[in-house]
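Only one structure is covered here, and it is reproduced in the block below.
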Amino acid sequence: QVQVVESGGGLVQAGGSLRLSCAASGAIFSRYGMGWFRQAPGKEREFVATINWSGSSTSYADSVKGRFTCSKDNAKNTVYLQMNSLKPEDTAVYYCAVDLSGTMSHSQYQYDYWGQGTQVTVSS
């Protein structure tokens, strides 16, 4: 059974920073990339960032490019999402999932083993 667990969400003022963490089962983590997605109330889940299995390649949504950084530590079975210069529109539940396709897709349908999500709230 693969387990994916996000943490690090919280309440922050606009312009502030948060670092989200996502831990996954060791047997799968080092072999696959991971993706971050978010879902705001009343909206569809949207792509945020993805990283390949080794952590050497990343891709970001245009809305977060230059503000968010995704990294992967295979020794700790953890992927991180460093979020800087946060805006109220970044408020959402953030999810991570395993990129079983290995394609670094921006589509949520290419990902599996989703975590329960962590709430990020940015106040204006």
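Could you quote the convex hull projected area for region 61-110, Cα atoms only and averaged over all directions, in nm²?
4.3
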Apply the Karplus curve 6.51 cos²θ - 1.76 cosθ + 1.60, θ = phi - 60°, to the phi angles in region 79-88 and return the couplings in whole Hz, x for Gly and Pro. 10, 10, 10, 7, 10, 10, 6, 5, 10, x
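Give me the accessible area per residue for the chain, probe 1.4 Å, as a whole number in Å².
50
Can you list the equivalent-ellipsoid semi-axes of the chain, largest first and in whole Å, using the square root of 5 times each Cα gyration tensor eigenvalue?
Over the Cα atoms of the chain, the semi-axes work out to 22, 14, 14 Å.
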Estimated translational D of region 36-78 in µm²/s (Stokes, Kirkwood radius over Cα pairs; 10 °C; 1.306 mPa s): 138
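In whole percent, and with a 1.4 Å probe on the protein chains, what portion of the accessible area of region 1-94 is carbon and sulfur?
Solvent-exposed carbon and sulfur of region 1-94 make up 46 percent of the total.
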Counting each DSSP H run of 4 or more residues in the chain as -39500 (n - 2.57), what helix-only mean residue ellipticity at 222 nm follows after dividing by all residues, to the nearest 500 deg cm²/dmol? -500 deg cm²/dmol
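The values are calculated or read from the model by the stated rules, or taken from the named source; none is laboratory data. None of the values given here were measured: they were computed from a predicted structure. Just the protein is used for accessible areas: all its heavy atoms, side chains included, with ligands, DNA and RNA removed. Shrake-Rupley method; radii C 1.70, N 1.55, O 1.52, S 1.80 Å.
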